[in-house]
Amino acid sequence: MNPSSLGTVLRAARSRLVQALGLDPSVAGLEAQVLLGHVLNRPRAYLLAHPEAALSNLNQAQFEALLARRELGEPIAYLTGQREFYGLEFLVTPDVLIPRPETELLVELALEQIPRDTPMRILDLGTGSGAIALSIAKQRPQAQITAVDRSPGALTVAKQNAARLGCTNVEFIESDWFAALDATNSFDLIVSNPPYIATGDPHLVQGDVKSEPPMALVSGIDGLDAIRHIAHRSRSHLRESGYLLFEHGYDQGETCRAVLQKHGWRYIASYVDLAGWDRVSGGTL
C-alpha cells in the first residue's frame, strides 16, 4: 500500500503511540484517528472508509507534528483544541481542565434540581472551560448562571465557549471561590468540580493530568481543602432550602459526607458514577 495512504499512516502512528506511551493498541488506534481526522477536518468514519486515500505533503507534515507532541505526552484535547462534553463541543486549552465523562453526573444531578420553567439562580464555582455552567445553561434557558474562576485564562476560554454555544444566560466573574461575591449574591443551587487531588499524589505525573493546570487539580495534603471551603462558605450564598452539589475523588465520598455533616448540611447524600464509585456529594440547607 502507498506509504502515504491513510491506512498505512494510521497503522504506523498506532504503533508509535503504543511504544511511546504504553497505550493499549485499540486506544492508540483511536487517538491516531482523532489526530488525523483533526488535520483533515474529516470524521473517523471517512478515514476508515478510505484507507487507500493519500495524504498530501502538507497534511503529512501537520500530522507528524501533532503525533510527535502526543508521543511526548501532550493530551489529545490540547492538541485538537476541543473536547466533547454532555453532547456539546468545548474549546479547551492548557489554561483549563479537560472535561471528563464522569463530570456529566454532576450536570445530570444539577438538572434534576432545576425545573425547566423556573428562573432559578445557579452558581458554578471554578468553571474552567465552562463545561458545567454552559451544559446547564443550554438545558435550562430560564436559569441565570454565575460562573466564577480565579484564572483569567480559564475565563477567556469559558467566554469563547459561551459565545460559540449561544449561551446568553451565563455571567462570568473572576473570583477566588466566593471572594468577589457579596452578601447580595444568593443562589438556589451551587455546583462545583473543585480540585480534589492530594499534594504529591502519584497520579499528578501520569497521563493527561501531568499537563493540566495544577490549581485545577491539587487541594492540600489530603485533597479536600477546596471542598471544606466550599462546604463552609456555600451556606452564606444559598437561599433557604438551597442545594449544594460537588464532584470529588472516587474514594472521598465518606469523608465528603462527614465534611458536610460537620458544617450543618441536611439530607446529605453521595451519588455513584457509571463505574459504581461515589463521584458527587451534596446536601441542602
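The values are calculated or read from the model by the stated rules, or taken from the named source; none is laboratory data. Model, not experiment: these values are computed from the prediction. Counting neighbours? That spans all protein chains shown, and the Cβs are built from the backbone with ideal geometry, glycine included.
Go through the range 1-51 and give me each residue that's outside any helix (DSSP H, G or I) and more than 17 Å from Arg70 (Cα to Cα). Listed by number, the residues that qualify are Met1, Asn2, Pro3, Ser4, Ser5, Asn41, Arg42, Pro43, His50, Pro51. Being among the polar types (S, T, N, Q) and not in a strand (DSSP E or B) is the filter here; which residues of the range 127-145 pass it? Scanning the range 127-145 gives Thr127, Ser129, Ser135, Gln139, Gln142.
Within the range 195-216, is even one residue farther than 19 Å from Leu97 by Cα and either in the same structural domain as Cys256 (by TED's automatic domain parsing) or not in a loop (DSSP other than H, G, I, E, B) (or both)? No, that holds for no residue. Would the range 111-118 turn up any residue that is in the same structural domain as Gly276 (by TED's automatic domain parsing), in a loop (DSSP other than H, G, I, E, B) and touching a Lys or Arg at 6+ places or on another chain (Cβ under 6 Å)? Looking through the range 111-118, at least one residue is in the same structural domain as Gly276 (by TED's automatic domain parsing), in a loop (DSSP other than H, G, I, E, B) and touching a Lys or Arg at 6+ places or on another chain (Cβ under 6 Å). Within the range 78-92, residues that are touching a residue at least 24 places away in the same chain (Cβ under 8 Å) have Cβ atoms under 7 Å from residues that are surrounded by fewer than 19 Cβ atoms within 10 Å (Cβ to Cβ) and in a loop (DSSP other than H, G, I, E, B) in these pairs: Tyr78/Thr93; Tyr78/Pro94; Leu91/Gly81; Val92/Gly81, counting only partners at least 6 apart in sequence or on another chain. When Gln139 is tested against (1) in contact with a strand residue (DSSP E or B) (Cβ under 7 Å, 6 or more places away or on another chain); (2) at pLDDT 95 or above, just one condition goes unmet, and that condition is (1).
When the residues of the range 4-29 are filtered to those that are surrounded by fewer than 20 Cβ atoms within 10 Å (Cβ to Cβ) and either in contact with a His (Cβ under 8 Å, 6 or more places away or on another chain) or among the basic types (Lys, Arg) (or both), which remaining residue is nearest to Leu55 (Cα to Cα)? Among them, the one singled out is Arg11.
Checking Ser186, Ser211 one by one, the residue that is within 26 Å of Arg70 (Cα to Cα) and at pLDDT below 95 is Ser211 and no other. Residue count for the range 180-194, restricted to those that are in a loop (DSSP other than H, G, I, E, B) and in contact with a strand residue (DSSP E or B) (Cβ under 8 Å, 6 or more places away or on another chain): 6. The residue that is surrounded by the fewest Cβ atoms within 10 Å (Cβ to Cβ), among those in the range 56-83 that are charged (D, E, K, R), within 16 Å of Val27 (Cβ to Cβ) and touching a Leu at 6+ places or on another chain (Cβ under 8 Å), is Glu71.
Only residues that are buried (at least 18 other Cβ atoms within 10 Å of the Cβ) and in contact with a helix residue (DSSP H, G or I) (Cβ under 8 Å, 6 or more places away or on another chain) were counted across the range 253-266, and they come to 4. Only one of the numbered conditions (1) modelled with pLDDT of 95 or more; (2) in a helix (DSSP H, G or I); (3) surrounded by fewer than 18 Cβ atoms within 10 Å (Cβ to Cβ) is not met by Ala269, and that is (2). Looking at Gly166, Gly153, Gly200, just one residue is exposed (fewer than 15 other Cβ atoms within 10 Å of the Cβ) and in contact (Cβ under 8 Å) with a residue 60 or more places away in the chain, and that residue is Gly153. Count of the range 176-196 residues, restricted to those that are surrounded by fewer than 18 Cβ atoms within 10 Å (Cβ to Cβ), in contact with a His (Cβ under 8 Å, 6 or more places away or on another chain) and not hydroxyl-bearing (Ser, Thr, Tyr), is 1.
Among residues that are exposed (fewer than 13 other Cβ atoms within 10 Å of the Cβ) and either without any contact (Cβ under 8 Å) to a residue 40 or more places away in the chain or of a type in the set (Asp, Glu) (or both), Ala32 is not included.
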